[in-house]
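In what follows, a single structure is set out as structure tokens and then discussed.
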Amino acid sequence: MAELNPQPLPPRATVRVFVPTKVTYDLESMQKVTRSVLERLGCGQCHSGRILDFQTLDNFVVGENLDVREFPGMREF
């Protein structure tokens, strides 16, 4: 019977990336964003050891009369 390696796996760093919604539905744009983020992290070709957590920028404000509006300034960078 094989023994398990007693050493734990190294921790994986989670990197949050906030992206406008319209970019998340465009494959070419998402590939460009991913490549740019990886280059900033020091390796443009891979993200081993890191989890890229893409967050969309959908923010709304609800007024006292229950009207729902998009949060200003959050749609575009």
Of 4, 37, 54, which is farthest along the charge dipole of the chain in the positive direction, counting Lys and Arg as +1 and Asp and Glu as -1 at C-beta? 4
How far is it, in nm, from the label point at residue 14 to the one at residue 70 when both lie 7 Å from their Cα along the line to the Cβ? 2.7 nm
Rounded to two decimals, the Debye log10 I(q)/I(0) of the range 1-72 (Cα scatterers, no solvent) at q = 0.12, 0.19, 0.20 Å⁻¹ is -0.54, -0.85, -0.89
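With the contact rule set at Cα under 8 Å and sequence spacing of 6 or more, what percent relative contact order holds for the chain?
On the way: 70 pairs, mean separation 25.8, N = 77.
Reported relative contact order: 33 percent.
The numbers here are math on the coordinates, done by the rules we state, and not lab data. Worth saying up front: this structure is predicted, and the values here are computed from it rather than measured. Using ideal geometry, Cβ is built from the backbone for each residue, glycine included, and neighbour counts are taken over all protein chains shown.
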